[in-house]
Structures are given as structure tokens and as C-alpha cells.
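Note sheet for the following structure.
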Amino acid sequence: MQIYLPIAELPVNMFMLFGMGGAVGFLSGLFGIGGGFLLTPLLIFSGIPPAVSVATVTTQVVASSASGVVAYWRRKMIDFKLAGMLLVGGVIGSAIGVWLFDLLRTLGQLDLVISLSYVTFLSAIGGLMLFESLRSMARRRSGARVAARQPGRHNWVHGLPFKMRFRQSRLYVSVIPIIFLGGVIGFLGSILGIGGGFMMVPALIYLLRVPTNIVIGTSLLQILFTMAAATFLHAMSTQSVDIVLALALMIGGVIGAQFGARMGQKLRGDQLRLLLALLVLSVGVRFAVNLVLQPDELFSVSAAIAEVRR
Amino acid sequence: MRRPLRQAIVLLGLGCLLAAAPAARAENLIAALSADRVNIESNFTGTRIVVFGEIARDALTVARPEPYDLAVVVSGPEQVVTTRRKGRFMGIWVNRDSETFERVPSFLAVHTTRAPHEMASRTVLERHRIGLRNLNLPIAIASDVPIGDRDNFRQAFLRLRVQNGLYQEQTDSIEFLSDSLFRTSVSLPANVPVGEYTVSTYLLRGGALLAQAEQPLTIAKSGFEQFTYRLAYEYSALYGLLAVALAIFTGWLAGVIFRRD
């Protein structure tokens, strides 16, 4: 069934949108990621203008993360204090990111920076996670006892000042790395047009040693707020949020996210991390291949944003 | 004796009128559209409009040996378009050169009775955008592309536009229902840009433009599509808040519906 999108100004198949939203929503609920880094390329690939894709995905991410937040909230698996501190950093980082975004656009190299960043971050983070989860699985198989959480073990992060107690996460750490982490992810998020959950989750687990089950709900809550702000900003500045497209993606997405969240409860932490690592890595490789191989069509046409409007 | 005299007077009159109305005493062209407004609604997947008309002649029309040629040109609102070309830079493919064309039609359909270059000289064809090869693409002043390379960008632009259906050229597509009645059907694809269009019909013979007719065509969103579009552009803040509220509500609703415990 074809439906005409009022902002994107073209018709698309509604069931294709449900399908894409559902698949990405499932992964979103499973891993506690927004899924923007998957959905945006999917939409662009299916012919929706990049500006509309980026802006509308932020709206869809709001819905799928809200749905996930509800599920995790009920299980009391959200650390609100931690999410709040991450958000403080996120706002600062986003502001710097938006400023750099404009600068790069005037220099005409935004596309390249986005592609290179995708390749770099997705490959690096995916690779690290893959390595770690495989090692952890191998250790478990060899019979060594592996504690997912080692409360006694500290790294350099725990030596920093301005300590704060996060009761829900059973943590007592400095707020500096938390705000810094939120800032870096907010910065990258606004440059790449993504929520950054796939970077947030491993960072919280490995750097701050937040328990895995708390990480996902907390990360989703932080994504919810960041993406709600991003949706509003996109609607104000570029007018490229397509509410019909967003709704179609949402309906698929929220349903998928529910199943994902349920499935996530059944899988072990290292299995989840292995799957997420493979997913992140494959998107990174896809971008790398696009950059390295000679494209079939060297030319591209884009109408100016300030095109003639009625 | 009266007939040659009358012809002489007519010729004299024609001569005087030539600057003001060159086609006054030659063939007249009457053209019309099947619809002068195309509404885009949620089920829009493209449509067709029929351009039909008549070549009007009277007893005074000079008899000519060559056949009539017709061209129907449908052009959409003009826009500024950048064509970019990727090049290899340190092992990766990036956008390197670009050429910006100003005031190019966002949509162009050219229907003719035969290949445009057989119909008239390039000057006539270029002036009236008859044929995609004769489309003038004005280059923005600040262009770094060397002259010899410019045609590549031009060709690429036309090729990409033809690929996504926004530019069309069809020869032999105008059907004659009688000696003077003609008809052609122009397809408007699903991704047709909205705005004010012009449908121009040209009558040519032996390389000369005898008559032309012009009709406006409006392609606009209607109903919910129009409402959404206006809300997004004129009340952006409200639209943004609505989008966020809708997203949170949908997410929450799903959470409630799927509640198991």
C-alpha cells in the first residue's frame, strides 16, 4: 500500500516502513540503542531525502526509546540520577556538535566527515566489543568463573574527585567521567545524527562498571531526552520532520522494541554484546566499502535547500 | 482582379503586424489541458494529464508543403541545483568537483512529433526548451570546473534527472486525431515537485515557429497533506512539539498495551 509523505514529497510503501521500523525497533529494545545509525541509512537507501531521513529518525527514536523506557522502568532498571548527569554532559556536547556541524557544512565536507566518523567509531567500538565478548565467552566455556560485575576492582576512573553515589547502580564514582561521557556522545550524536546508544552502552559497562541490566534502561532514558530535543530543533530549523513517515516507523518500531526488550532479558550479557558488536561492525564495514570501492555513479544531484517554495 | 489586390493588402497588413503579432494571419493554435490542477493526496502515486488542441486554419492561411510539427513542453518551477562528482582522494571516494546550475526546471517533459533537431534550428529549440539536449543550464558564477569538463556535468545532470523520471523526452508521442486535432498524454511521476507549472504548445513548420499557446498547471498538495505541510513550515514550534508528543504517546501506549506483568 502506497502512502504519500507530505514533507518528503513522495509516496512509499507503508508495509516496507512498518517492516524497517519493526526490525530496527527490535534491535533497539534488545540492545538499549536508539537504532538511528541503522534506520537513517536504510531510509536514505530507499530513496527518502537525507535531510528528511535524519530528522524523522530522531522522532522515531523518541517513540521506540519511550516504549523501552516504560518496559525498563516497570522492572526498576533505570538509574535516574545517572541519566540526569549524562544528560547534563549531553546538552553541552550537543551544542558544540551543532556548531561544528554548521562549520563543516559551510566548508562543504560534511558528508565525508560523517562517513569517516561512521567508519572510525563503528569499526573501533564494534571491534573492541567483539574482542571483549568473545574473550569473555571463551573464559566461561573453559570453566573459569567470570563475575560480570567486580565491585572490588577499580580502574583509574574511580580515582577521580567529585564523587557521587548512584544507589541504583550501586556505584560511587566521580561525576567528571560521567559528564564527559555524556558530552562526547552528545557531540558525536549531533554530528552523526544519532542517539549514540551503541557507544553509551559499552562505555557505561566498561569504563564506569555500571551493571549491564541497569545500563540499557538508563541509556534509553538519556536517548529519549536527547532525541526529543533533536526532533524539536530539526522541526524548527530545517522543517524536515515528516510526521507521517515518523508515525509509520513508530508503529513498527514500538512493537519491535517490546519484543526486543523481552528477548534481551533472556540472553546473557556477553551474548548480547557479541551480537551488538557484530551489528555495529557490519554497518561500519558497509560504510568503509562504500568509501573505498569505486561507485557506479560518480555524479549526484541535489536541489538547494532554498528552492522555490509556494 | 480583386483577389490579388486583397492578397497584397493582407501581405501589407501582415508586414505591419509582423513585430506585434507574427502569427496573426497564419495558423492559430488552440490548446487545453485535461485538468489545470493536480491535487496530491495521501494515495497519490503519480498521474497523467492530457494536452489536446487544434491547429486552426482558415481560407487565408498560406498553403505550405512541409508537414506541421508540434512540441508540448511541460516545465515545473525553477530551482538551483548542484551536481557533484566523486573523485578518489587518499584511497577513498569523496565528492570533489561540483557545478551549480541556476534556474533549471524542477520538472521538464518534452513531447514532439519528431526528433527536435529535425524540427527547427537550435536557436528556436533552445529558446523554447524543446528537447532535453536544448535545455539551457545557466552555470552559477563561481564555478571551478574547467570549460572542457563542463559538458560532463551537464550530461550527468540530465541523465540523473531522466533516471528519476523528472525529465522526459518523447518523440512521436503526439497523436493526430484528424488533420488539425492533436493529443498527447504527459505522465507526472509520484515524485513530481509541487508548484506552478507551464504547459507550452508550439506549432512549427519548415523550421519556423508559427504559433504557440500556453496554459498554467498547478500541482499542489491538498487536504491533510497540505495541512501538515503548512503546519510544518508556518508553525514549526507547534509542529515540533506535536511530533515529540506523538512519539512519546505512541511509545507509552505500546508499553501499556504490551504490558505482561
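Here are some notes:
- Efficiency of FRET between B:E118 and B:D149 - r from beta-carbon atoms, R0 41 angstrom, step 0.05: 0.85
- Within region B:86-161, the proportion of Cα pairs with more than 20 Å between them is 44 percent.
- Point-charge dipole on Cβ atoms (K/R +1, D/E -1) for region B:26-221, about Cα centre, debye to 20: 740
- In this structure, A:T120 and A:Q265 have a Cβ-Cβ separation that, at R0 = 35 Å, corresponds to a calculated FRET efficiency of about 0.60.
- Calculated [θ] (222 nm, deg cm²/dmol) that DSSP helices of n ≥ 4 give over the protein assembly as shown, each run adding -39,500 (n - 2.57): -17500 deg cm²/dmol
- Shape annotation for the protein assembly as shown: C-alpha extents along the principal axes are 122, 51, 40 Å, from largest to smallest.
- Spin-label model, A:R165/A:F15: points 7 Å from Cα along the beta carbon direction are separated by 5.7 nm.
- Spatially proximal lysines relative to A:K76 (Cα-Cα < 30 Å; intrachain offsets below 8 disregarded): A:K163, A:K266
- Between the residues A:P177, B:S42, A:L103, the greatest Cα displacement towards the positive end of the dipole of the protein assembly as shown, with unit charges on the Cβ of Lys, Arg, Asp and Glu, is found for A:P177.
- Residue list for region A:262-279, given a label point 7 angstrom along the Cα-to-Cβ vector of A:R141 and an amide N cut-off under 13 Å: A:271
- With the charge dipole of chain A set up from +1 on Lys and Arg Cβ and -1 on Asp and Glu Cβ about the Cα centre, the Cα lying farthest toward the positive end among the listed residues A:L43, A:F232, A:L278 is that of A:L278.
- Net charge dipole size for the protein assembly as shown [Lys, Arg +1 and Asp, Glu -1 on Cβ; Debye, nearest 20]: 2800
- Per-q log10 I(q)/I(0), chain A, q = 0.09, 0.13 Å⁻¹ (Debye; single scatterer per alpha-carbon; no solvent): -0.45, -0.94
- Modelled FRET efficiency - R0 41 Å, B:E175 with B:L137, Cβ distances, 0.05 increments: 0.85
- Computed from the Cα positions only, the extents of region B:26-221 along the three principal axes stand at 72, 43, 25 Å, in decreasing order.
Bear in mind that the values in this text are calculations on the coordinates, not laboratory data. Model, not experiment: these values are computed from the prediction. Reconstructed Cβ throughout: ideal geometry from the backbone, glycine too, with neighbour counts over all protein chains shown.
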